[in-house]
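The structure appears right after this line, and notes come after that.
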Amino acid sequence: MKKIEILKTIGLIISITIIFCLIVYIFILKMFLKIDSDYRMLGLKIEDYDIEYCLIYDQDIFSQYKVYKIKNYSSKSMDEFRIQLENSNLWSREKFFEYIMIRFYDKEEGKSERKQIARDDLYYYHQNGVYAILDLKNAKLYYFENGLFNYHQNYSEILGIKTKDYLDREIYSVRGGPQNDGTDYYVYKFTDKKGEDIQDRVDKSLLWSKEKLNEDIIDCFEYNKEVSDIQNGYYHYKKVCRTSDEYKKYHFTDEEATGYEVGIYDTDKNILYYYWTSY
């Protein structure tokens, strides 16, 4: 009787192992089969014969990044794609925020260093976790997909400044992950009228001061070196403690701090620079 039970157990284990291996095999097979066909899902009439080559720079279970070179025998062939792009509801001329743009890169043959992609004549696609850029000038299609990608927050207020009615916004970094750590790096541009309201608000706020911050602090704005040249502005700096303890969030020692927060408001240009980081 014991032998039969042992055989049944062994048979069950073998069956489960085979099923698991089949699932893994099917998943891997699907991944490889779609390597050169992702461009078919972007709402454009791109065929196999339109692709000169495909470079896969990054691919795992959670993400993939690849670059397709489109055959470009004449300007007319790219004009046909332009017509498709202009008539598509899936593609736009509106640039991705910078924290997304830095995910797209090129590499020179034989070199490992990344270089920024050309930014002339680009069209942008974003659907269901897939980001794509079509560069008509250089006949390249950039494809980025990541199921764990962190998205930006649409702040309604930052340091007492209502940010919904901005004129322009750039985002260089977003925090994320299970602990909500990382970096938020936002820049908002406002109208002159809105700027007057903001200046009045920050002038009365205890969060802000006209005393300029040290260069080693404002160096955090690596993409906006112009902050060092601000003539008329308001400044904010404080250390932060990322914790689920609501009391400790506002009552902690310097040693317990996990990061810091920086705000700069340029009253001449009506621009808010905001940086929050925790590690």
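Summary of computed values
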{"quantity": "Proximal charge balance of ASP197 [Cβ under 12 Å; K/R count +1, D/E count -1]", "calculated": "0"}
{"quantity": "Point-to-point label distance, ALA257-THR243, nm (Cα→Cβ direction, 7 Å offset)", "calculated": "1.5 nm"}
{"quantity": "Label selected from (i) 78, 71, 37; (ii) 54, 45, 42; (iii) 65, 40, 36, the criterion being Cα extents along the principal axes in Å as computed here", "calculated": "(i)"}
{"quantity": "On Cα atoms only, tilt of 75-86 relative to the major axis of the chain in degrees", "calculated": "70 degrees"}
{"quantity": "Rounded tilt (10° steps) of 2-33 against the dominant C-alpha axis of the chain", "calculated": "60 degrees"}
{"quantity": "Counted charge near ASP58, where neighbours are those whose Cβ lies closer than 12 Å (Asp, Glu -1; Lys, Arg +1)", "calculated": "+2"}
{"quantity": "Gain on full stretching of the segment that runs from TYR49 to ASP229 - 0.36 nm per residue minus C-alpha separation", "calculated": "59.5 nm"}
{"quantity": "Portion, in percent, of the accessible area of region 188-279 that falls on carbon or sulfur, probe 1.4 Å", "calculated": "44 percent"}
{"quantity": "ASP60 versus ASP268: modelled label distance in nm, points set 7 Å from Cα along the beta carbon direction", "calculated": "4.6 nm"}
{"quantity": "Added length on full extension, which subtracts the Cα-Cα distance from 0.36 nm per residue, GLU170 to SER77", "calculated": "30.1 nm"}
{"quantity": "C-alpha center-to-center spacing [region 57-115, region 204-279] in angstrom", "calculated": "35 Å"}
{"quantity": "Solvent-accessible heavy-atom area per residue, rounded to whole Å², over the chain at 1.4 Å", "calculated": "63 Å²"}
{"quantity": "Placed amide H near ILE158: partners under 5 Å, 5+ positions off or other chain", "calculated": "THR163"}
{"quantity": "Vicinal HN-Hα couplings computed from phi for region 259-265 (Karplus, 6.51 cos²θ - 1.76 cosθ + 1.60; Hz; Gly/Pro x)", "calculated": "x, 7, 10, 10, x, 9, 10"}
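The values are calculated or read from the model by the stated rules, or taken from the named source; none is laboratory data. Remember, predicted model here, so these are calculated numbers, not experimental data. Cβ atoms come from the backbone with ideal geometry, glycine included; neighbour counts cover every protein chain shown. The protein model used for the area step is the full one, side chains on, heavy atoms only, and it has no ligands, DNA or RNA in it. Shrake-Rupley method; radii C 1.70, N 1.55, O 1.52, S 1.80 Å.
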